[in-house]
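The values are calculated or read from the model by the stated rules, or taken from the named source; none is laboratory data. Quick caveat, the model's predicted, so the values are computed rather than measured. All Cβ positions, even for glycine, are placed from backbone atoms using ideal geometry, and neighbour counts span all protein chains on display. Calculation scope for accessible area: heavy atoms of the full protein, side chains included, ligands and nucleic acids excluded. Shrake-Rupley method; radii C 1.70, N 1.55, O 1.52, S 1.80 Å.
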Amino acid sequence: MKLAERAQNISPSPTLSIDAQAKKMTAGGVKVINFGAGEPDFDTPENIKQAAVKAIADGMTKYTPVAGIESLRQAIVKKLAKDNGLQYELGQIVVSAGAKHSLYNVFQVLCQEGDEVILPAPYWVTYLEQIKLTGAKPVIVPTTVENGFKMTPAQLQNAITPNSRLFVLNSPSNPTGVVYTKAELEALGEILEKNNIAIISDEIYEKLIYNGDRHISIASLSPGLKDLTVIINGVSKSYAMTGWRIGYAAAPLPVAKAMADLQSHSTSNPTSIAQAASLEALTGTQESVQQMVAEFVKRRDYMVERLTAIPGVQCNLPGGAFYVFPDVKALIGKSYAGETINNVTDLARVLLEIEHVAIVPGVAFGDDNCFRLSYATSMDNIREGLDLIEKVLKALQ
Ligand SMILES: *Cc1c(COP(=O)(O)O)cnc(C)c1O
């Protein structure tokens, strides 16, 4: 059967495929230290699970409004006001089957062939594929470890053409953990506003932020920027709810309406029971978030300390999310156990096959000098895995 061109151009998620390879080795009886995880290693908090159990018992098992139940959308409106200082009405909120689905909807309703979407690299790989699916052209702007993986206003200005339609912002970032400061967002925002470029602001890691920083939504910086921004968020990362599949968008009314209309012909409403659980996540106790953040900080600090002590490794201290993104360009071209490491993908292969440590090569995120390590795994695993990474990197010659 012949596949449509659209389908032929999709690259499968490399982060999920490395995870799958590591899990396959584990299933085969090999002990693998897996730094590939893209989800919290904590269980969903009990109060949230109980809300879902109650929803089932109460018969909340039918279709809901396409864009989500009113109580959940109301809770999202309240959350945006309280956490982000942003006023939205109910009709501007669309709940979907995960933030990934929210992103899919928004790219579909905003972009088409002939449009350009400005995407800073390293980027979360799904953006690239979702942009390509619309026929729009991704304009990738590289950033490096030396400039803290932050796009400068000059870089943004240089990337703009008459076809620029959208800018993708992800702070805190997956894979780098970078958090843009208010001043940095203002500088980018000014250029975007002047050029009337819409912004997709993926704020899924909003709650996983360290150093006492506070998350700033670019939409909160001016009324003009709010009108240009679609905020994407969800419960997956903040509440350890990746399997429940609930994300949401807050958008200008016509955009929200178009997203809901599109959704009405694909998935319809997200799962009713998961919506009930998400309502409890947003309105119930936030204690579990604080506990998770406290644990992540310890792991982050330990990892960065270990990595920066290895010769040839450059690693910034990430401000949020649960990833570190060390740069190893100084080590490329060396060899280990008779194998030449020509790029970071070779390094990832050697680490997995010889030492049974799974890392995600940076090429998956548009940066072949780096790799991503998730610290959503136990401190014991982190210690053991870093011992092995250190052994390999120090033996490279
Ligand atoms: C995990 C992730 C998402 C998607 O989360 P969902 O599980 O689909 O809600 C979106 N953006 C980034 C950057 C992520 O890392």
Problem set entry | Matching residues in segment 97-115 - criterion: being among the hydrophobic types (A, V, I, L, M, F, W, C) and away from the ligand (no atom under 15 Å from the Cβ) | Val109, Leu110, Cys111
Exercise. Within the bounds of segment 151-173, is there any residue that is within 20 Å of the chain's Cα centre (by Cα) and either of a type in the set (Asp, Glu) or open to solvent by 60 Å² or more (accessible area, probe 1.4 Å) (or both)?
Worked result: no
Seminar exercise, completed: The correct count of residues that are farther than 17 Å from Asn174 by Cα and not in a helix (DSSP H, G or I) in segment 359-397 is 3
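If you check Ile118 against the conditions, is it open to solvent by less than 30 Å² (accessible area, probe 1.4 Å) and within 16 Å of the ligand (Cβ to nearest atom)?
Numbers: open to solvent by less than 30 Å² (accessible area, probe 1.4 Å): yes; within 16 Å of the ligand (Cβ to nearest atom): no.
No, not satisfied.
This table checks each residue for (1) in the same structural domain as Asp213 (by TED's automatic domain parsing); (2) in contact with a Pro (Cβ under 7 Å, 6 or more places away or on another chain); (3) within 15 Å of the ligand (Cβ to nearest atom).
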site	(1), (2), (3)
Pro252	yes, no, no
Ile273	yes, no, no
Arg299	no, no, no
Ile310	no, no, no
Ala321	no, yes, yes
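From the set of residues in segment 315-351 that are charged (D, E, K, R) and open to solvent by 10 Å² or more (accessible area, probe 1.4 Å), which is modelled with the lowest pLDDT?
Step one: list which residues in segment 315-351 are charged (D, E, K, R), which gives 327, 329, 334, 339, 346, 349.
Filter once more, so that each one left must be open to solvent by 10 Å² or more (accessible area, probe 1.4 Å): 329, 334, 339, 346, 349.
Working: Lys329: 96, Lys334: 94, Glu339: 86, Asp346: 90, Arg349: 89.
Out of the qualifying residues, it is Glu339.
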Problem set entry | Subset of segment 240-253 [touching an Asp or Glu at 6+ places or on another chain (Cβ under 8 Å) and either on the phi > 0 side of the Ramachandran plot or crowded, with 24+ Cβ neighbours inside 10 Å (or both)] | Ala240
Problem set entry | Test: Thr144 is at pLDDT 95 or above, more than 17 Å from the chain's Cα centre (by Cα) and away from the ligand (no atom under 13 Å from the Cβ) | no
Problem set entry | Failed condition for Phe35, given (1) assigned by TED's automatic domain parsing to the domain that holds His356; (2) under 26 Å from Arg372 (Cβ atoms); (3) out of contact with any Leu (no Cβ under 7 Å at 6 or more places or on another chain) | (3)
Problem set entry | Complete set of residues in segment 83-113 that are closer than 24 Å to Ala52 by Cβ and open to solvent by 20 Å² or more (accessible area, probe 1.4 Å) | Asp83, Leu90, Ala97, Lys100, His101
Exercise. Only one residue in Ala276, Ala260 is of a type in the set (Gly, Ala, Ser) and closer than 17 Å to Tyr104 by Cβ, so which one is that?
Worked result: Ala260
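Table: residues versus (1) without any contact (Cβ under 8 Å) to a residue 12 or more places away in the chain; (2) within 18 Å of Glu184 (Cβ to Cβ); (3) not assigned by TED's automatic domain parsing to the domain that holds Thr126.
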| residue | (1), (2), (3) |
| --- | --- |
| Tyr205 | no, yes, no |
| Leu208 | no, no, no |
| Gly212 | yes, yes, no |
| His215 | no, yes, no |
| Ser222 | no, yes, no |
| Leu228 | no, yes, no |
| Ile232 | no, no, no |
| Val235 | no, no, no |
| Ala240 | no, no, no |
Exercise. Do the conditions hold for Gly366, that is, is it within 23 Å of Pro12 (Cα to Cα), open to solvent by 30 Å² or more (accessible area, probe 1.4 Å), of a type outside the set (S, T, N, Q) and touching a residue at least 60 places away in the same chain (Cβ under 8 Å)?
Worked result: yes
Exercise. Listed residues Ser222, Ser236; which is in contact with a Pro (Cβ under 9 Å, 6 or more places away or on another chain) and either polar (S, T, N, Q) or closer than 17 Å to Tyr104 by Cβ (or both)?
Worked result: Ser236
Problem set entry | Close pairs from segment 253-281: first closer than 15 Å to Thr242 by Cα, partner surrounded by 20 or more Cβ atoms within 10 Å (Cβ to Cβ) and of a type in the set (Ser, Thr, Tyr), Cβ under 6 Å, at least 6 apart | Pro270/Ser96; Ala281/Tyr239
Exercise. Of the residues that sit in segment 206-239 and are more than 16 Å from the ligand (Cβ to nearest atom) and assigned to a loop (DSSP other than H, G, I, E, B), which one is surrounded by the most Cβ atoms within 10 Å (Cβ to Cβ)?
Worked result: Ile216
Exercise. When you go through (1) over 17 Å from Ala37 (Cα atoms); (2) open to solvent by 60 Å² or more (accessible area, probe 1.4 Å); (3) under 21 Å from the mean Cα position of the chain (by Cα) one by one for Ile354, which number turns out not to apply?
Worked result: (3)
